[in-house]
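Visitor: Structure in structure tokens, see below.
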Amino acid sequence: MVMSTTSDLPTTAKRSWHHFLETYEPLRSELYRYSRYLTRSPWDAEDLVQDTLARAFVTLAQMGTAPPNPRAWLFRVASNLWIDEVRRRREVPASSAPVADESPDPVASRATREAAGTLLVKLSPQERAAVVLKDVFELSLEEIAEALGSTVGGIKAALHRGRGKLVDEAALPATETTPAPGALDAFVTAFNAGDLDRLTSLLLDSAVVQVVGATTQYGPEAARRTVLTGMLFGVRRLAAADPSTGIDARFMQGVLLEPPRIEARWHRGRWVLVHWYKHSDGDHVRAFTMLELDGDRIAGLKNYFYNAELLVDLGGELDVPVRANGHRWWTTEAAS
């Protein structure tokens, strides 16, 4: 028997990961929507989606058979992760960030919209998850019990308690905008000048740079070769509708061969970089970036490009037109 070497492992793991994502991709929008109701934040929702998919991938490899109800199973993984996180943060005061309209779609029933829009952080994690799964996703009591690892009786009790706590939610005051840090201004200036050297120099040697869900790079040079270059010059492949991007051709229609530009926007108590791309029918946002600053340098960068649900959600909160890129950064052939 020929044993695979450790050098084969990244490729083998990557192919398995891609196959997993292909299988569960149809559920991703619902997973984000569920995570959004639980966390009340687009950023936290996307983090929960990424963590859920990673945990599900590892757990699935340890299971004897595939889950009979993948949707409920993913909700269960997400619920467990979120409940554990809430327990860890129990002593941390709740955020005072403004809460956005939580309506899932314009055709949702009035009762569903009201139930979703009035969920308060004072509900216990189990209560909130139960109410969301019942009133928003319309799961049966049996499916909710499966998703939350409880019994039908326990779910009935959680629904009764949770609905009893629902009250109309007063609008919270908007947080004040703070001056943009110098390192953030420097990043915006360098990016809009197409200055790859300057962007790279802003990163700490220990910087962690991510295209969220797609790749993580450590250190300035690795980030320069992949993430930063892609952020600056990836538009060339979009405009050429290059099939090797893995992005579906319909997401690349109308993209013009002009460098993207970024601007800083204040959102929920933090600065976010908004990436504008030229299209034949005007400018549209195709990505967002968050920076973690350490003085006048950058300690971390998270670029959200393959996160369609977050782009649409956040674009609505910021009132900017968005074009999604789908979820694929690999081709089917590469996953084979």
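The values are calculated or read from the model by the stated rules, or taken from the named source; none is laboratory data. Here the structure is a predicted model, which is why all the values come from computation and not from measurement. Backbone-built Cβ (ideal geometry, glycine too); neighbour counts: all protein chains shown.
Visitor: Does at least one position in the stretch 156-166 carry a residue that is assigned to a loop (DSSP other than H, G, I, E, B), out of contact with any helix residue (DSSP H, G or I) (no Cβ under 6 Å at 6 or more places or on another chain), modelled with pLDDT of 85 or more and not aliphatic (A, V, I, L, M)?
Guide: no
Visitor: Okay, moving on. A222 fails exactly one of the following numbered conditions: (1) touching a Lys or Arg at 6+ places or on another chain (Cβ under 9 Å); (2) modelled with pLDDT of 95 or more; (3) not in a loop (DSSP other than H, G, I, E, B). What is the number of that condition?
Guide: Here A222 meets the rest and fails (1).
Visitor: Something else now. In the stretch 269-316, which residues are among the basic types (K, R) and farther than 18 Å from T200 by Cβ?
Guide: R270, K278, R286
Residues are listed down the side, and each one gets a yes or a no for (1) touching a strand residue (DSSP E or B) at 6+ places or on another chain (Cβ under 8 Å); (2) over 21 Å from L196 (Cβ atoms); (3) in a helix (DSSP H, G or I):
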| site | (1), (2), (3) |
| --- | --- |
| R236 | no, no, yes |
| I262 | yes, no, no |
| H275 | yes, no, no |
| R286 | yes, no, no |
| N303 | yes, no, no |
| V320 | yes, yes, no |
| R328 | no, yes, no |
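Visitor: Report the residue count in the stretch 243-257 for those that are surrounded by fewer than 17 Cβ atoms within 10 Å (Cβ to Cβ) and within 28 Å of F187 (Cα to Cα).
Guide: Restricting attention to the stretch 243-257, the residues satisfying the condition of being surrounded by fewer than 17 Cβ atoms within 10 Å (Cβ to Cβ) are 243-244, 248-250, 253-254, 256-257.
Remaining after also requiring within 28 Å of F187 (Cα to Cα): 254, 256-257.
The qualifying residues number 3.
Visitor: May I pose another question? List pairs: first in the stretch 243-254 and without any contact (Cβ under 8 Å) to a residue 40 or more places away in the chain, second surrounded by 14 or more Cβ atoms within 10 Å (Cβ to Cβ), Cβ under 7 Å, 6+ apart or cross-chain?
Guide: A249/A241; M252/L238; M252/A241; G254/H279
Visitor: Here are some conditions: (1) of a type in the set (S, T, Y); (2) within 19 Å of Y304 (Cα to Cα); (3) assigned to a helix (DSSP H, G or I). T216 meets all but one. Which one does it not meet?
Guide: Failed condition: (3).
Visitor: Mind checking which residues of the stretch 64-86 are among the basic types (K, R) and free of Cβ contacts under 8 Å to residues at least 12 places away in the same chain?
Guide: Matches in the stretch 64-86: none.
Visitor: Taking the stretch 238-260 as the search range and keeping residues that are in a loop (DSSP other than H, G, I, E, B) and in contact with a strand residue (DSSP E or B) (Cβ under 7 Å, 6 or more places away or on another chain), which one is nearest to L314 (Cα to Cα)?
Guide: Of the residues in the stretch 238-260, the ones in a loop (DSSP other than H, G, I, E, B) are 240-242, 246-248, 252-254, 256-260.
Checking which are in contact with a strand residue (DSSP E or B) (Cβ under 7 Å, 6 or more places away or on another chain) leaves us with 254, 256, 258, 260.
On the way: G254: 22, L256: 23, E258: 24, P260: 19 Å.
Residue satisfying both the conditions and the ranking: P260.
Visitor: Just one of the numbered conditions (1) within 23 Å of N325 (Cβ to Cβ); (2) surrounded by 20 or more Cβ atoms within 10 Å (Cβ to Cβ) is not true of F75; which one?
Guide: (1)
Residue-wise test of (1) touching a helix residue (DSSP H, G or I) at 6+ places or on another chain (Cβ under 7 Å); (2) more than 23 Å from R28 (Cβ to Cβ).
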{"site": "R236", "(1), (2)": "no, yes"}
{"site": "D242", "(1), (2)": "no, yes"}
{"site": "R265", "(1), (2)": "yes, yes"}
{"site": "K278", "(1), (2)": "no, yes"}
{"site": "E309", "(1), (2)": "yes, no"}
{"site": "D313", "(1), (2)": "yes, no"}
{"site": "N325", "(1), (2)": "yes, no"}
